[in-house]
Structure formats: structure tokens, C-alpha cells
1. Against the empirical 2.2 N^0.38 Å scaling, what ratio does the C-alpha Rg of the stretch 226-385 come to?
2. What FRET efficiency comes out for D120 versus S377 if R0 is 60 angstrom and r is the Cβ-Cβ distance? Round to the nearest 0.05.
3. With every protein chain kept in place and ligands, DNA and RNA left out, what is the accessible area per residue of the stretch 15-331? Probe 1.4 Å, answer in Å².
4. Would you kindly give the portion of the calculated P(r) for the chain that falls above 37 Å, as a percent of all Cα pairs?
5. Please state the equivalent ellipsoid semi-axes for the stretch 248-330: what are the square roots of 5 times the Cα gyration tensor eigenvalues, largest first, in whole Å?
6. Return one number: the angle in degrees, 0 to 90 and rounded to the nearest 10, between the long axis of the Cα atoms of helix 350-359 and the longest principal axis of the Cα atoms of the chain.
7. Could you give the accessible area per residue of the stretch 340-489, probe 1.4 Å, as a whole number in Å²?
8. Greater than 30 Å separation of Cα atoms is the criterion. Which listed pairs, K210/K490; K91/K166; K84/K145; K94/K176, meet it?
Amino acid sequence: MEPFRPQYHFSPAKNWMNDPNGMVFYEGEYHLFYQYNPAGDKWGHMSWGHAVSPDMVHWTHLPLALPEADNVMIFSGSAVVDWKNSSGFGKDGKPPLIAVYTGFRTTDRVQFQCIAYSNDKGRTWTKYSGNPVIDINSTDFRDPKVQWHEATRRWIMTVSLSAEHKVRFYGSDNLKAWTLLSEFGPAGATGGVWECPDLFELALPGTNDKRWVLAVNMNPGSVAGGSGGQYFVGHFDGTRFVADRDSVIPPTSRRSPSASALWFDYGPDYYAAVSWSDVPASDGRRLWLGWMSNWDYGGDVPTSPWRSAMSIPRDVGLRRTADGIRLVQKPVREMESLRDRHFAFKGGDLSEANAWLKERHVEGDQLELMVEFEAQSSGTEGVKVVKGDREATVIGVDRQRGQAFVDRRQSGNVRFHRKFSGLYEAPLPVRDVRVKLHVFVDASSVEVFVNDGERVFTSLVFPSAASRGVEFFGSATSSKITALDVWTLKSIWR
Ligand code: FRU
């Protein structure tokens, strides 16, 4: 019995996992490598674990891809398909996969960038004999994210100078020799080390306009405490990233942590998010996921014999808002393949919806719920999930205060670490009285997408086995629920 085992989130069978690494799509497979300790359920002996999937939802575990060796741990990084064989590591006319990772030398803690290549769809890897490819003799230089930049026809590496709150960009023709191009930062939130940066271009819907997004994970000091992530929207010309003015919050407007930077998730458990490389242009999506945990308590979560899971994969986009261009995220459409039993409410008020939930026995620990309701002008309203007699994870909005929130203070076992219990808030500009919540519950996690991905909250929870209920709450029982769909979700492991 593994009571908290996620049934549709990726988790290792046993031992410790943190960041997603080396995410690349090649020949019909989404690769997910990840920071893994093959020898224990706490951080250590970092190596790259490996899994593949045809759809980012159903995963096949594969053997360890890059093991720690010779006093060098394999820290986070990325992977690309070297289509033109610029590295010369290709074989039989086929492009190699190149992994670009940080080597962490345990003897002096120096971090440097290395590469490895694979000629068999990522099954086996050879570390480059000329490693490291970049070494500046720093103990805070890590997490290279590499991409091909077509306009300047070269490879770009985005990598962080963690302690200096800077991102560096390097360029290369062959993935082996790199030149420093520029630096970005400090900017935005700088309360913790900058890690796992990502840089990608997105289209602005309905226009021919595009923008570059620089995502920077930060630990600690993020919006929900501990680990989290911020982003900047701007321009990248192949050499330099320049943030749009309205994507950097001036210090005078930083009234609260949630208003101090642009956060891509307002919950406590979405970290080290990085996107997949080489998703075919015919697909066109920018897809990412994050480590569903937090360095504050990740080593203490009450699961065994594994620790940690990845979030569900998300489709990332941009939206023009009154405040500027902002990131929006939605669950990937492939998630719909998990839908099992469907419950559709015909509409009504809050008490009618609750009576319907009871009558139809709508409950469970693998659920997807989509609700649209009219928020009252004062008070809070929303939905409780994984609810028992004395427990619930509470998801709601407060229109008057202009906030959306997730409250896990009574979600179950919150005592295993003093930093676990919490109430998390995100600003929610009110344009319309209608609020949409899209919620995914899976054994020990709750992910919430508010108003078509304008805000996202990812939170771990450890409820008792009997806490499986769903219930709406609000200051007025006459609150209107205009649409409500619930699905039970299938397990990916059966
Ligand atoms: C982020 C991180 C990375 C590093 C890895 C080590 O969670 O600290 O910066 O490469 O984890 O496991």
C-alpha cells in the first residue's frame, strides 16, 4: 500500500527525485530525465533518471541515463536534437541527442557545464572526453538550457550565476566551444538563488507579434515561501535579452510578495520548471512541467519508498492584459485521455450543486473538476476537495480583495514540517463576476488553473484516506454555478 502514490503524475518507483532535466522530443518520444538519487530517498549522488512517453501522460521507466562518477554529480540541464550534426557525434546519418548538464565536483563544489551524447534515442550516453565545455571556476554556475537559434544560426545556452541573481547567455556553433554573449539580472525577485532558467519565444494570439520569455526559478524567497518561479517578458536578438518595462515590477509597486514579481505559479510546489526542446513545429506548443515539491520540506514529505512527483504537463502561452503581456498555462490536452466517469451538473445554486454532488457520490482522490461560478461582491467562495470530516483543501476567490487562493492549512498531515502548512494567494484582477476553476486532484497533490490559466497554484497535500469529498462553499448559498463538470481520472500505471 502506497497511500500517497500519484496515479497520473510521474513519480519514480523508489528513491529521491528533484528537477526535471533534459526534456526533449525525438522520434515520437517525449523524454523526461530527472535529478535522481539511485541510492536513497533524500537528495544525494545526483544522477539523471530517465523515462519516455508518447503523450507526456503515460510513462515508461528506463535505466539510469547519466550516473554520478569520479566525484562529479550530474546536476540539472537540458537536451537537444543536434539535427545538423554540428557536434560531429552523429552516427549513420542520424542526428545525436546531446545532453548539456552541470557537473558538480564534490571535492571543491565547483560547478561547470558538460555535454554527453546518445546515438540510440537516449538509451545510452557517452560523456564527452573534452568536458567541461565551460568552466569559470565558480561554485554557483548551473543548469544550462540549450536551444538552436535559427536567426543567428547558432546554439544558445541560458545558464544561471545563481548567487549573483544573473542569467548568462553563451553561443556556440558545435555545442563544445562556447562564447559568453551577455548577462541579464539582477532583476525582479532576488530573495534566493536563481536556478534552472529557460528562454523561449511565444506568439501573441491574434497577432503576428511574438515575445521571448525568460523563466527563472528561485529558491528560497518565492511567492509561496521557499521554491518557486518568476518570468520576464521581452526581446531576445540572439545575443541579449531585454525585458519589457511592464514585465519588471518597480520596487515601489511591490506591495506584497505576490505583487513583487511575475510568478508563473502561486502555489508552493512547482519548481525547476523547464520546457521541452524540439517539439515539432507542426505541433507548435511550448510545453513544460515542474518538480512538484519545495526545498523547504521536500526531504521530509511523508511518502515511501519514493519522494516527489512531477506536475502535470502544461501548455504555455501569452495573453495581453491591462498590466502587460502575461504568461498563461493550461493542462495539456493529452490529459483528457485520462477521463473516466463524467458527471455534468445542469446549473443551479450552490446548495443545489452540493446536493447533486452528494446524490451522485461525486468524490475521489483522482479527479478533474471544471467549474464556472458567479462570485459574490464580498466574502469568499469556491470549492473544497479531498474533504473529510475535519479536513479539506480549500480553493477559492475573494472578489472584493481581488484574490484567488488555495488553503492547505487543514488539508491533512501538515505537521511533518513546520513550513508545510499555508494559505497561498494570487492577485486576481476582476473583470467579470464569473470565475473559472480547473482543478486536478491526485492522491497527494492539488493543481488549480484559474480563469483559463491566468493563475496557477500547485500544492502538495497529505489527506487521510477517508478524505475524498468535494463541496462548494460561499457566503451566499444562492451563488450561481453556471457550469460544472467532474471526471474521475484513470491511473497511468495500470
Ligand atoms: C534546483 C537545483 C539545481 C541543481 C539541482 C541539484 O532544484 O538546485 O540548481 O542543478 O537542483 O540537484
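The values are calculated or read from the model by the stated rules, or taken from the named source; none is laboratory data. In this text, all values refer to a predicted model and were calculated from it rather than measured experimentally. Cβ atoms come from the backbone with ideal geometry, glycine included; neighbour counts cover every protein chain shown. Accessible surface areas use protein heavy atoms only, side chains included; no ligands, DNA or RNA. Shrake-Rupley method; radii C 1.70, N 1.55, O 1.52, S 1.80 Å.
1. Normalised Cα radius of gyration, the stretch 226-385: 1.30.
2. 0.45
3. Ligands and nucleic acids excluded, the result is 35 Å² per residue.
4. In whole percent, the share of Cα-Cα pairs in the chain beyond 37 Å is 25.
5. Equivalent ellipsoid of the stretch 248-330: 26, 23, 8 Å, largest first.
6. 80 degrees
7. Accessible area per residue: 42 Å².
8. Those over the limit are K210/K490; K91/K166.
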